[in-house]
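This report refers to the structure that appears directly beneath it.
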Number of protein chains: 2
Amino acid sequence: MPKRYANNPIFTPASIAPSRADFEVIGVFNAGAIQYGEEILLLLRVAERPLQNDPEHYLAPVYDVEKDEIVIEKLAFNHKANSFADVRVIKLESGARTTSISHFRIARSKDGYHFEAEAKPVIAPSSRYETFGIEDPRITQIGDNYYINYSAISELGITTMLAVTKDFASCDKLGNIFHPDNKDVTIFPKKINGLFYALHRPSISHFATPDIWIAQSPDLLHWGNHMHIAGVRQEGWDTTRVGASAVPFLTEHGWLEIYHGADENNRYCLGALLLDAERPWVVKRRSIRPILEPETTYEIDGFFGNVVFACGAVRTGNEILIYYGAADTSIAAAMLTIDEIMASFQEQI
Amino acid sequence: MPKRYANNPIFTPASIAPSRADFEVIGVFNAGAIQYGEEILLLLRVAERPLQNDPEHYLAPVYDVEKDEIVIEKLAFNHKANSFADVRVIKLESGARTTSISHFRIARSKDGYHFEAEAKPVIAPSSRYETFGIEDPRITQIGDNYYINYSAISELGITTMLAVTKDFASCDKLGNIFHPDNKDVTIFPKKINGLFYALHRPSISHFATPDIWIAQSPDLLHWGNHMHIAGVRQEGWDTTRVGASAVPFLTEHGWLEIYHGADENNRYCLGALLLDAERPWVVKRRSIRPILEPETTYEIDGFFGNVVFACGAVRTGNEILIYYGAADTSIAAAMLTIDEIMASFQEQI
């Protein structure tokens, strides 16, 4: 059973100052995580929106490429073509807007539970692929480089952008590594037989379901040989969508991947895949039951409730400390052992 | 004005024998084209279905990976969850089936107009990404190799597969170069400043429209740095979807790309993009009016009417001979000069 940290959540919107005085933070969630020297770093996804002080309009934040700043669009509540039914996205007569815009901020900890967050974003929207924000970072260490991949959201779709840093002070954006729509990318931390690998989750408009795929790369910038490895299942907790969550860990059993799955009620749980050490496109085991599911108040109630969703985890020996977004609102931590994760498999697939 | 060949169409379903006695050919269209030695080769997309001799069921063709053959699935007309409204796709309670399955066949010509088609497929479905068939091939010559990319259709989505041949007798499949959903990929015929480039058309499930993107590659197998280059337009003939058609030609003005666009009535026309010779992600000009649009009976009436759609064209000096699918049924040819295409631009964008 996962051991949730007693003082969860470790970040809530109230614990983070907005980036500007006329904005409010509505979510701190889905953080990347990595051991960096003596510290554990979280790369927080901070979701903000303008203070809503206009009774007749929703004030939507949009990054303006030419002005290089976030501008506020006024969307009339009483315009019949505007739909406010989804708390995350406003549908317009033509196109859509997100209700909030996200950037990333660093938080540092010596013990993995007590964190101090920086006041300024370390990565923020800066391109036409990021006008609706940047979301759900994962961090993969390869040598001295820390590669950060994240979802870039805009009217052009949802791409996966790659950035790199050595010091988490300055980050270079390296371009879109996956075309839209693709989310939930996580890069393996070393080459396997001469190639890098990444799990990814295309969103499909014809025929298929949102499933987990794998791709290979000679250089982390160019990706190919896409293979489908794990789909949604007919019954249970991951019937509607699945996607990779944390960066895979190499264990004596193979690569252990913590993934998320949602059911038809949009209830998000975490499970695991065991991938072959040498052929990571081969799924050897898969969780029958979730390894973490929404149970506490902070996981059940929030901006988008009944969600546990991880982007990062830190391994120390047999223990894996998972940092996960709770209800698209806050960040919580839970400890699981590799043995506990292995126990979720129960049977070979 | 395009000069249509007087004896169009050059292929109709009646001119091609089915691959098995219990099948019928319902379309020969969307062919790749290339100059190969003294001949012009077409890579025909041949769409077949089982002879429909069961009054109570639609007999749907599906490639079975384990049996390595096309099997026939019986879909009850009177099952209320089965929808036959789209002539191309049958929607089921869970999932979908295509009404036909396509393979590729070679046809050869000395003069570009009189072709002889081979009796057997040169490329046919052979993987789990191709269970609903293979569609819309483009051929790019690079050195002695002829690279063929095509849409692979299955319940896993629509991927882009790459194959290579030297002789058009045996072809090696090299894997999926773009994840689902992605169609209308066309690879530039030479490296530009050390990298290969391809145009592609992601199908988007959030926010965006089906637009033309570009990607780069060091080796044709792995692709990255995806950039959006040309979207649908607010008014005119390409308001709903656009996609690359023929392999680009390098002219004194830049790369000339013949693309297709559809409007809200699913009327498909051809137009052109002029891309910068050194920076092919820069669109210098775009057709105001189509360079070819459905006008003749064989373009207006057919399996899916009001469609002209090209996958291949052959250039000789200032003349471009476009081979195009007409009404998703047959193949026609039309000659345009580069000057005529340039005249469609009219104004700088």
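Which of the numbered conditions does B:Leu199 fail, given that it passes all the others? Conditions: (1) surrounded by fewer than 24 Cβ atoms within 10 Å (Cβ to Cβ); (2) within 12 Å of chain A (Cβ to nearest Cβ).
All conditions are met except number (1).
Output the residues belonging to the range A:85-102 that are over 30 Å from A:Gly37 (Cβ atoms) and either within 16 Å of the chain's Cα centre (by Cα) or away from chain B (no Cβ under 14 Å) (or both). So that I can check it myself, show each step before the final result.
In the first step, residues of the range A:85-102 are kept if they are over 30 Å from A:Gly37 (Cβ atoms); the result is A:85-101.
Listed by number, the residues that qualify are A:Ala85, A:Val87, A:Arg88, A:Ser100, A:Ile101.
Does the range B:89-96 contain any residue that is outside any strand (DSSP E or B), open to solvent by 60 Å² or more (accessible area, probe 1.4 Å) and more than 11 Å from B:Ile153 (Cβ to Cβ)?
There is at least one residue in the range B:89-96 that is outside any strand (DSSP E or B), open to solvent by 60 Å² or more (accessible area, probe 1.4 Å) and more than 11 Å from B:Ile153 (Cβ to Cβ).
Only one of these conditions is not met by B:Ser151: (1) more than 13 Å from A:Phe207 (Cβ to Cβ); (2) polar (S, T, N, Q); (3) under 13 Å from the mean Cα position of the chain (by Cα). Which number is it?
With respect to (1) more than 13 Å from A:Phe207 (Cβ to Cβ); (2) polar (S, T, N, Q); (3) under 13 Å from the mean Cα position of the chain (by Cα), B:Ser151 is out only on (1).
Would a scan of the range B:327-347 turn up a residue that is within 14 Å of the chain's Cα centre (by Cα), under 30 Å from B:Asn193 (Cβ atoms), open to solvent by less than 20 Å² (accessible area, probe 1.4 Å) and among the aliphatic types (A, V, I, L, M)?
No, the range B:327-347 contains no residue that is within 14 Å of the chain's Cα centre (by Cα), under 30 Å from B:Asn193 (Cβ atoms), open to solvent by less than 20 Å² (accessible area, probe 1.4 Å) and among the aliphatic types (A, V, I, L, M).
List the residue pairs whose Cβ atoms are under 9 Å apart, where the first residue sits in the range A:170-186 and is within 12 Å of chain B (Cβ to nearest Cβ), the second is surrounded by fewer than 24 Cβ atoms within 10 Å (Cβ to Cβ) and among the acidic types (Asp, Glu), and the two are 6 or more positions apart or on different chains.
A:Lys183/A:Glu135
Are any of the residues in the range B:166-174 touching a strand residue (DSSP E or B) at 6+ places or on another chain (Cβ under 8 Å), modelled with pLDDT of 95 or more, assigned to a strand (DSSP E or B) and open to solvent by less than 40 Å² (accessible area, probe 1.4 Å)? Please lay out each step first, then the result.
First pass over the range B:166-174, keeping only residues touching a strand residue (DSSP E or B) at 6+ places or on another chain (Cβ under 8 Å): B:166, B:168, B:171-174.
Remaining after also requiring modelled with pLDDT of 95 or more: B:166, B:168, B:171-174.
Now drop any that are not assigned to a strand (DSSP E or B), which leaves B:172-174.
Keeping just the survivors that are open to solvent by less than 40 Å² (accessible area, probe 1.4 Å) gives none.
No, the conditions are met nowhere in the range B:166-174.
Taking the range B:316-349, which residues are touching a residue at least 24 places away in the same chain (Cβ under 8 Å), touching a strand residue (DSSP E or B) at 6+ places or on another chain (Cβ under 7 Å) and part of a loop (DSSP other than H, G, I, E, B)?
Within the range B:316-349, B:Ala327, B:Asp328, B:Thr329, B:Ser344, B:Phe345, B:Ile349 qualify.
Among the residues that make up the range B:140-151, is at least one of them outside any strand (DSSP E or B) and surrounded by 19 or more Cβ atoms within 10 Å (Cβ to Cβ)?
Within the range B:140-151, the first condition is being outside any strand (DSSP E or B), and the residues that meet it are B:143-144.
Still in the running and surrounded by 19 or more Cβ atoms within 10 Å (Cβ to Cβ): none.
No, that holds for no residue.
Only one of (1) in contact (Cβ under 8 Å) with a residue 24 or more places away in the chain; (2) buried (at least 24 other Cβ atoms within 10 Å of the Cβ) fails for A:Gly236. Which number is that?
(2)
State yes or no: is B:Pro180 open to solvent by 10 Å² or more (accessible area, probe 1.4 Å) and in contact with a Ser or Thr (Cβ under 7 Å, 6 or more places away or on another chain)? Walk me through how you get there before you give the answer.
Numbers: open to solvent by 10 Å² or more (accessible area, probe 1.4 Å): no; in contact with a Ser or Thr (Cβ under 7 Å, 6 or more places away or on another chain): yes.
When the stated conditions are applied, B:Pro180 does not pass them.
Hey, does the range A:13-35 have a residue that's hydroxyl-bearing (Ser, Thr, Tyr), open to solvent by 20 Å² or more (accessible area, probe 1.4 Å), outside any strand (DSSP E or B) and closer than 21 Å to A:Ala124 by Cβ?
Step one: list which residues in the range A:13-35 are hydroxyl-bearing (Ser, Thr, Tyr), which gives A:15, A:19.
Subsequent filtering for residues that are open to solvent by 20 Å² or more (accessible area, probe 1.4 Å) retains A:15, A:19.
Add one more test, that the residue is outside any strand (DSSP E or B), and what stays is A:15, A:19.
Next, only the ones that are closer than 21 Å to A:Ala124 by Cβ stay: A:15, A:19.
Within the range A:13-35, one or more residues are hydroxyl-bearing (Ser, Thr, Tyr), open to solvent by 20 Å² or more (accessible area, probe 1.4 Å), outside any strand (DSSP E or B) and closer than 21 Å to A:Ala124 by Cβ.
Could you tell me which residue of the range A:103-132 is farthest from the other protein chains (Cβ to nearest Cβ), considering only residues that are open to solvent by less than 30 Å² (accessible area, probe 1.4 Å) and over 16 Å from A:Gly32 (Cα atoms)?
A:Pro125
Quick one: is B:Glu116 touching a strand residue (DSSP E or B) at 6+ places or on another chain (Cβ under 8 Å) and free of Cβ contacts under 8 Å to residues at least 40 places away in the same chain?
Numbers: touching a strand residue (DSSP E or B) at 6+ places or on another chain (Cβ under 8 Å): yes; free of Cβ contacts under 8 Å to residues at least 40 places away in the same chain: yes.
Here the answer is yes, as B:Glu116 does meet what is asked.
Check off (1) open to solvent by 70 Å² or more (accessible area, probe 1.4 Å); (2) free of Cβ contacts under 8 Å to residues at least 60 places away in the same chain; (3) not in a loop (DSSP other than H, G, I, E, B) for B:Val71 and give me the number that stays unchecked.
(1)
Could you grab me the full set of residues in the range B:219-235 that are part of a strand (DSSP E or B) and within 8 Å of another protein chain (Cβ to nearest Cβ)? Don't jump to the end; show me each part of the working.
The initial filter retains those residues of the range B:219-235 that are part of a strand (DSSP E or B), namely B:223-230.
Passing the criteria: B:Trp223, B:Gly224, B:Asn225, B:His226, B:Met227, B:His228.
Yes or no, residue by residue, for (1) touching a residue at least 60 places away in the same chain (Cβ under 8 Å); (2) open to solvent by less than 30 Å² (accessible area, probe 1.4 Å); (3) not aliphatic (A, V, I, L, M):
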residue: B:Arg138; (1), (2), (3): yes, yes, yes
residue: B:Gly157; (1), (2), (3): no, yes, yes
residue: B:Lys191; (1), (2), (3): no, no, yes
residue: B:Ile212; (1), (2), (3): yes, yes, no
residue: B:His222; (1), (2), (3): no, yes, yes
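Could you list all residues from the range A:36-57 that are without any contact (Cβ under 8 Å) to a residue 60 or more places away in the chain and open to solvent by 20 Å² or more (accessible area, probe 1.4 Å)?
Within the range A:36-57, the subset without any contact (Cβ under 8 Å) to a residue 60 or more places away in the chain is A:37, A:48-57.
Within the range A:36-57, A:Gly37, A:Arg49, A:Leu51, A:Gln52, A:Asn53, A:Asp54, A:Pro55, A:Glu56, A:His57 qualify.
For the range B:258-269, indicate whether the set of residues that are under 15 Å from the mean Cα position of the chain (by Cα), of a type outside the set (D, E, K, R), under 23 Å from B:Lys191 (Cα atoms) and open to solvent by 10 Å² or more (accessible area, probe 1.4 Å) is non-empty.
Start the filter on the range B:258-269 by keeping residues that are under 15 Å from the mean Cα position of the chain (by Cα), which leaves B:258-262, B:268-269.
Right, trim to of a type outside the set (D, E, K, R) and you get B:258-262, B:268-269.
Then keep just the ones that are under 23 Å from B:Lys191 (Cα atoms); that gives B:258-259.
From what is left, the residues that are open to solvent by 10 Å² or more (accessible area, probe 1.4 Å) are none.
Checked against the condition, which is being under 15 Å from the mean Cα position of the chain (by Cα), of a type outside the set (D, E, K, R), under 23 Å from B:Lys191 (Cα atoms) and open to solvent by 10 Å² or more (accessible area, probe 1.4 Å), the range B:258-269 yields no hits at all.
The values are calculated or read from the model by the stated rules, or taken from the named source; none is laboratory data. Remember, predicted model here, so these are calculated numbers, not experimental data. Cβ: placed from backbone, ideal geometry, glycine included. Neighbour counts: every protein chain shown. Each accessible area value is taken on the protein alone, full model and side chains, heavy atoms only, with ligands, DNA and RNA left out. Shrake-Rupley method; radii C 1.70, N 1.55, O 1.52, S 1.80 Å.
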